[in-house]
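Scroll down for the structure; my scribbles are underneath it.
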Amino acid sequence: QQQVKQSPQSLIVQKGGISIINCAYENTAFDYFPWYQQFPGKGPALLIAIRPDVSEKKEGRFTISFNKSAKQFSLHIMDSQPGDSATYFCAAVPPYNQGGKLIFGQGTELSVKP
Amino acid sequence: NAGVMQNPRHLVRRRGQEARLRCSPMKGHSHVYWYRQLPEEGLKFMVYLQKENIIDESGMPKERFSAEFPKEGPSILRIQQVVRGDSAAYFCASSLVEGGSYEQYFGPGTRLTVT
C-alpha cells in the first residue's frame, strides 16, 4: 500500500515533443505528490508538486495532471528540450502525522533528441 | 542562501571500516530526512529526524546503521563495519514543515564506495 508505481522506465522524445510520465498509488492517505528531476551525479531537485484537491497544476512547460478517483498522476513536459534529459521521479507523501517521508516511484530516464 | 550541504561528496572505505556522512539542512529547516539510492535503483527512505529526536527510522537497516541530529551541528548518518552492499549514493533532504509545507530539498549526496 505504500508503493508508488512509475512508468515508463525510459523514454525517448524528439526536441519539441511532449514527454509524459505516469505514476499510480494505492494509499488514499497520501496528500502531497511532488516530482523531482535528477541529473547524473546530482541530488534530486524539486520540480513541481500537487495536492489531491487540485486536478491540474502548471508551471512553465511542466504540468501535473491528477486523477484522484483513479489514484493516478502524471507529469507532462511540453516542448521538450535536450536540457530536460534527466531522470524523473514521482513521489507521494503521507500526512506528517504518519511520518512525512517521500515514497518514490522507480524513476524514468528521459532522453530528448535534438 | 545556502542549500542543503553534504560532506564528503565522495567517500571510499574498505570493508569493515566506519563511514560517517554529514548533512547540514537549509537555513531555518529543522527536519532532516536521509535517503539511499543504490546503483540502478530509485530512492529509498531511511530515517527522519528532528533536532535531538529520531521521528521515523522504519527504513533503516536494523544493524550497523545509526543517525543523529544533535542540537548543534549537522545531522550524521553512521555506518559501522561497512560491506560492499552499502556502496550507494546517500542523500539528505531538509524541510520546514511548519505552516503545512511538505517540500523537501535535497543535498548533492555522498557517494560511498566500499572496496
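The values are calculated or read from the model by the stated rules, or taken from the named source; none is laboratory data. These figures come from a predicted structure and were not determined experimentally. When we count neighbours, we look across all protein chains shown, and the Cβ atoms used for this are built from the backbone with ideal geometry, even at glycine. When the accessible area is computed, the model is the full protein with side chains, heavy atoms only, and any ligands, DNA or RNA have been set aside. Shrake-Rupley method; radii C 1.70, N 1.55, O 1.52, S 1.80 Å.
Close Cβ contacts (under 8 Å, 6 or more residues apart or on different chains) running from residues in the stretch B:60-85 that are of a type in the set (Ser, Thr, Tyr) to residues that are open to solvent by 20 Å² or more (accessible area, probe 1.4 Å) comprise B:66/B:78; B:66/B:80; B:75/B:22; B:75/B:24; B:75/B:25; B:75/B:68.
Tell me which residues, restricted to the stretch B:41-84, are among the hydrophobic types (A, V, I, L, M, F, W, C), within 12 Å of residue B:23 (Cβ to Cβ) and away from every other protein chain (no Cβ under 12 Å). Show your work before the answer.
Pass one, the stretch B:41-84, residues among the hydrophobic types (A, V, I, L, M, F, W, C): B:43, B:45-47, B:49, B:54-55, B:60, B:65, B:67, B:69, B:76-77, B:79, B:82-83.
Of the ones still in play, those that are also within 12 Å of residue B:23 (Cβ to Cβ) are B:46-47, B:49, B:67, B:69, B:76-77.
Scanning the stretch B:41-84 gives B:67, B:69, B:76, B:77.
Being over 17 Å from residue A:43 (Cα atoms) and open to solvent by 50 Å² or more (accessible area, probe 1.4 Å) is the filter here, so list the residues in the stretch A:97-114 that pass it. Step through it out loud before you land on a result.
Initially, the stretch A:97-114 is screened for residues over 17 Å from residue A:43 (Cα atoms), giving A:97-100, A:111-114.
Passing the criteria: A:97, A:98, A:113, A:114.
In the stretch A:58-69, the count of residues that are over 30 Å from residue B:10 (Cβ atoms), at pLDDT below 95 and aliphatic (A, V, I, L, M) is zero. Scanning the stretch B:98-115 for residues that are within 14 Å of chain A (Cβ to nearest Cβ), of a type in the set (Val, Ile, Thr) and open to solvent by less than 30 Å² (accessible area, probe 1.4 Å) yields a single hit, B:110.
Applying the selection to the stretch B:94-114, what residues are out of contact with any helix residue (DSSP H, G or I) (no Cβ under 8 Å at 6 or more places or on another chain) and at pLDDT 95 or above? Outline the logic, then answer.
Taking the stretch B:94-114 first, the residues out of contact with any helix residue (DSSP H, G or I) (no Cβ under 8 Å at 6 or more places or on another chain) are B:94-96, B:98-101, B:103-111, B:113.
Selection gives B:106, B:107, B:108, B:109, B:110, B:111, B:113.
Residue B:33 meets all of the listed conditions (1) within 11 Å of chain A (Cβ to nearest Cβ); (2) open to solvent by 20 Å² or more (accessible area, probe 1.4 Å) but one, namely (2).
Within the stretch A:14-42, the set of residues being surrounded by 19 or more Cβ atoms within 10 Å (Cβ to Cβ) and farther than 14 Å from residue A:91 by Cβ comprises A:19 only. Restricting attention to the stretch A:47-84, the residues being open to solvent by less than 30 Å² (accessible area, probe 1.4 Å), charged (D, E, K, R) and touching an Asp or Glu at 6+ places or on another chain (Cβ under 6 Å) number 0.
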